[in-house]
Structures are given as C-alpha cells and as structure tokens.
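What follows draws every value from the coordinates through simple rules; no lab data is involved. Everything numeric here is computed off the predicted structure, so don't read it as measured data. For neighbour counting, all protein chains shown are included, and Cβ atoms are generated from backbone atoms with ideal geometry for every residue, glycine included.
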Amino acid sequence: MNIPMLLILLNPDTYLWIMAGAACFVSLVLLLIRHFTRRRWLRRVWLLLVLALWLLLIDGIFITPRQLTVRHEEFVSADLPEAFDGYRILHFSDAHVASYTGWRQPLLERAIDSIIAQQADLIVFTGDLQNKLPDDITPYVEQLSRLKARDSVFAVLGNHDYPMYVDCDPYTKMDLLETTTSLESKMGWCLLSNHHRIIRRGNDSIVIAGMENDGERRFPQLGNINHALYGLSRQTFIVMLEHDPTAWRRKILPECHAQLTLSGHTHGGQLSLLGLTPAAFNYQEHSGMYHIGHRAMNVSTGLSGVVPFRVGVRPEIVVITLKRKK
C-alpha cells in the first residue's frame, strides 16, 4: 500500500493529532531559535510566529468549521422557460459524513436543518458523501433522509464515493459501489450517473442532468455527456451536476450546451490566507460562481473534508435562484 493510500485510510481525528504533533515540533524549533537569538525584536518575531501557528490550528479545528455560511447566487439566462423564473436550487457538496465524529456530530444536523430551512424547489448534492467506504454513510442515513424538496433531491458521485481508496479485488469494489448507490436511494435521493430527469411546470420544463465523476490525473474519468443528455434538444435548459470542476472546460463547455453547471471537489482549498489558497494552484475554478459567455458554473467549497480542518474557508450551502433574462 502506497503512502497516499495509507493517509486516506486514517481516521479523521488522527489527522488532527498529526497536525498538533507537527505544530508542537515546529514550535519547539522556533523557540530554540529564539533562545539563541540575541536581537530583541527578532526574539519577538519568533514568539509571534509560534502564537500565530497555534491560533491557526485552533481556528482551523474548532472555529471556522462551525461557521456554516448560506451563500446566495443568481443565474440569469434567456434560455430559461418563463415558468421557472425565480426557481430556487439548493446546492451542497462534499459532506464527507465520516468526519462528523465526537464534538462535530451536531454540525451535520445543523447543516441539514439549514438546508431544509431554505425551502428550495430542488436540492442537489455534487458528490463525496463518504470518505472511503459505504459504512461511513450508514450511521447518517436517517439524518440525511430528512432532506426533502418539491422536486426531489438529486445527486452525483464524487471521487470518494467510488472504492478507489480501498485495496481489494474488482468484484468487491463493484459491491462497495453498489452499496453506496443503494444507500443514497434509501435516503430518497435520485442518483444521476450519466443520466437526466425532466422537471415540469405546466407546459414548460428544465432538465437536471448528472455526470459520473470526471477528474484529472488519478481521479475517475467516467463522465459521459452523450449518455447524460441523450434525446435532449439544444433548446432545453440544462442544469448539469458534475463533482469535479475541471470537467467544465474539458468536456461540458465544448461538448454540450448546459447553461449551468454545479460542482464541488475543491473544498476551496480548506485554507485561505490573505486571499491566497492552495486550490488556486490546482484549479482554474475553485470556489464561487464563474461565467463564460451566457454559461456559468458554481463551485461549492463543501461542508467538510477527509481532514476536518478549515481556515478562512467556511463550510457552505448555496442557494441559486434562476432568473429569466427579459
């Protein structure tokens, strides 16, 4: 088993202990340097660095993860049918429910309450419900089943929802994937794996389509736009669900006309200092709403992560209101 695989298999709280241990080591080194530094101002600098390190650690573990944000966005399109003017979509992503352990357990319940409170017409989830195994989801099925909307709850799979972080034979992996999908069905969610559903208001309709995860490098590349949009005309207004935002430029923009894409995956880098985040080095679109011409993509920073640590990037749910361009 390689090192990246081993790290993925760790318990979420283990990561925090590792981080605390690393902070202790770095603090010790800085204090030793301070001890042998003669200049008074420089001694203060080393001490401030130690204090800043521990303030970041405390904030990332105990403060920012509690600060759930409801972000509101509008998407205006001339293609939107008149009956859907004002239609509200609740978008959330990257729940990583296995990370809601210990004192963090109430945070998931609070997020679910916040989602329900928005009273959106439609709820969509863009992947990474589990960390590595469907057993992660089982304790939370009853809680997640509370999510209801007038036009249902739709979801797609994220890279963590596939058994890619488990070292087992292909048949076992197929069983694990089937268990994950069946649990989402048990919760009343409609899983869109390269498929779509039509939502109607009188004679008008829009389409909610979902691609399987389609990432770069080591991530699964299973998205099939032809299957997802089979039989639809180019006049159809389409909301595309895709976990990995890199698929927007690689496949969605050049291969279809989906007006609005909803993604997650990046977690916003989980760290942002003075507007700088590691996600910006890996993703052209990593958090927020992005527009190219008359088309747009929203990238959610998600609710949690395999490592339950956030600084400067609050967990969020997003309410997107569709508006018809007059």
Using alpha-carbon coordinates, inclination of helix 170-186 to the longest axis of the chain, degrees:
70 degrees
FRET E, pair THR101, ALA78, Förster distance 56 Å, beta-carbon r, rounded to 0.05
0.75
Rounded to whole Hz, the Karplus (6.51, -1.76, 1.60) HN-Hα couplings of segment 139-148, x for glycine and proline
x, 10, 4, 4, 5, 5, 5, 5, 6, 9
What are the ³J(HN,Hα) values, in whole Hz, obtained from phi via the Karplus relation 6.51 cos²θ - 1.76 cosθ + 1.60 with θ = phi - 60°, for each residue of segment 206-219 in sequence order, with x given for Gly and Pro?
10, 10, 9, 10, x, 9, 5, 3, 9, x, 10, 6, 7, 7
Answer rounded, prolate or oblate for segment 105-209, using the Cα gyration tensor with square roots of eigenvalues a ≥ b ≥ c: rounded when a/c is under 1.5, else prolate when a/b is larger than b/c, else oblate.
oblate
Taking Rh as the Kirkwood radius computed over C-alpha pairs, what is the Stokes-Einstein D of segment 69-324 at 4 °C in a medium of viscosity 1.567 mPa s, expressed in µm² per second?
71 µm²/s
Taking N as the number of residues in segment 3-63, the ratio of its alpha carbon radius of gyration to 2.2 N^0.38 Å works out to 1.41
Starting from the Cα of LYS148, draw a straight line to each of the aspartates and glutamates and keep only those under 14 Å, dropping any in the same chain fewer than 8 residues away.
ASP113, ASP121, GLU184
Relative to the longest principal axis of the chain, what angle (0 to 90°, nearest 10) does the C-alpha long axis of helix 105-117 take?
30 degrees
Likely footprinting exposure, HIS267, HIS35, HIS286, fewest C-beta neighbours within 10 Å first
HIS35, HIS286, HIS267
Degrees, to the nearest 10: 40-58 long Cα axis against longest axis of the chain:
40 degrees
I need the phi-derived Karplus couplings for segment 265-270: 6.51 cos²θ - 1.76 cosθ + 1.60, θ = phi - 60°, integer Hz, Gly and Pro marked x.
6, 7, 6, x, x, 6
What is the set of long-range amide H partners of PHE237 at a cut-off below 5 Å, with H atoms built 1.01 Å from backbone N?
VAL207
What translational D, rounded to a whole number of µm²/s, comes out for segment 232-326 from Stokes-Einstein when the hydrodynamic radius is the Kirkwood one over Cα pairs, at 20 °C and 1.002 mPa s?
150 µm²/s
Between segment 127-182 and segment 212-257, what is the separation of their alpha carbon centroids in Å?
20 Å
Place the peptides 90-99, 191-200, 73-82 in order of packing, highest mean first, counting for every residue the other Cβ atoms within 10 Å and averaging per peptide.
90-99, 191-200, 73-82
Hits among lysines - C-alpha to C-alpha of LYS173 under 22 Å, sequence gap 8 or more where chains match
LYS132, LYS186
Mind sorting TYR171, TYR87, TYR283 by how few other Cβ atoms lie within 10 Å of their own Cβ, fewest first?
TYR171, TYR283, TYR87
Exposure proxy ranking, count of Cβ atoms within 10 Å, fewest first, for TRP54, TRP41, TRP189
TRP41, TRP54, TRP189
For n ≥ 4 DSSP H runs only, could you compute -39500 (n - 2.57) per run for the chain, divide by its residues and tell me the 222 nm figure to the nearest 500?
-8500 deg cm²/dmol
